[in-house]
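Working notes, structure below.
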Amino acid sequence: MDPLAKDLIEIISWTVAIGAGVIAAYRALHELKLNRQQRTLELKWKKAKLAKEIVAAYEDKDQFNAAHHLLAWNAREYQLEDGERVRIDSDMVMHALRTKNLKFTKTEKYIRDCMIVYFESISRLEHFIRRDLVDFEDIKFNFAYAVGRMARQRKVVALFLSNYHQDNMASGFLARYDEWKNTPPKT
């Protein structure tokens, strides 16, 4: 075989091999990118599912639900643990969260017990958010209205939390909300 033809065939072979290698490398990198995107999407779905399950578990707790309603409603009737039905309004809720004059009526004890469960729950949520187990975006709508209502009495709530939830998790959770930062205080 002619040495020139042989060299030409060798150059063509090497060119094709290099081209195939480049294409294979590109495809491998592209597949890696797609795989990473798929894993990221799956992780996002898992985090959203976990967030939904956590909130559902909280909503199964009577005291959590009562606290959520106490924050959302101006006034409503509640049944205390002894069976007595009482009407509780938003002013009573904030008064029950006081940090001085700590002698409480049974209605105030009920309110405080419910609010402690609520604040412990949002503290745990903040912990999960900080650990990157759930995304705030997946749960924020569940609490936005209640947070906005609490924000009207931000000083009372903040003082209660600083006295009874010193880990700052509940405060950190509330601080994530624009409603907490921007809602004008109740006059």
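Read-outs: derived from the displayed coordinates by stated rules, not from any lab. If you're wondering where the values come from, they're calculated on a predicted model, not measured in any experiment. Cβ placement follows ideal geometry from the backbone for every residue including glycine, while neighbour counts extend to all protein chains displayed.
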query: Of the residues in segment 147-172, how many are in contact (Cβ under 8 Å) with a residue 24 or more places away in the chain and either closer than 15 Å to Glu120 by Cα or surrounded by fewer than 14 Cβ atoms within 10 Å (Cβ to Cβ) (or both)?
result: 12
- prompt: How many residues are surrounded by 10 or more Cβ atoms within 10 Å (Cβ to Cβ) and more than 39 Å from the chain's Cα centre (by Cα) if we restrict to segment 1-51?
  reply: 20
message: Given the criteria assigned to a loop (DSSP other than H, G, I, E, B), free of Cβ contacts under 8 Å to residues at least 40 places away in the same chain and farther than 30 Å from Leu125 by Cβ, does Asp82 qualify?
response: yes
query: What pairs come up if the first residue lies in segment 56-77 and is within 16 Å of Ile116 (Cα to Cα), the second is among the aliphatic types (A, V, I, L, M) and not in a helix (DSSP H, G or I), and their beta carbons are under 7 Å apart, counting only those six or more places apart or on different chains?
result: Leu70/Ile88
message: Quick check on segment 95-127: of everything there that is part of a helix (DSSP H, G or I) and among the β-branched types (Val, Ile, Thr), which residue is farthest from Glu84 (Cα to Cα)?
response: Ile122
- prompt: Has segment 155-169 got at least one residue that is assigned to a helix (DSSP H, G or I), more than 12 Å from the chain's Cα centre (by Cα) and of a type in the set (Gly, Ala, Ser)?
  reply: yes
- request: Sort out which residues of segment 146-187 are farther than 19 Å from Cys114 by Cα and of a type in the set (A, V, I, L, M), and write them in order of number.
  value: Ala175
field: Qualifying residue in segment 71-90 (condition: under 30 Å from Lys44 (Cβ atoms) and not hydroxyl-bearing (Ser, Thr, Tyr))
entry: yes
task: Specify the residue that is nearest to the chain's Cα centre (by Cα); the eligible residues are those in segment 128-141 that are assigned to a helix (DSSP H, G or I) and either surrounded by 16 or more Cβ atoms within 10 Å (Cβ to Cβ) or hydrophobic (A, V, I, L, M, F, W, C) (or both).
output: Phe136
query: Out of segment 72-89, which residues are among the polar types (S, T, N, Q) and farther than 15 Å from Lys106 by Cβ?
result: Asn74
statement: (1) in contact (Cβ under 8 Å) with a residue 12 or more places away in the chain; (2) surrounded by fewer than 18 Cβ atoms within 10 Å (Cβ to Cβ); (3) not aliphatic (A, V, I, L, M) all hold for Ser90 apart from (2)
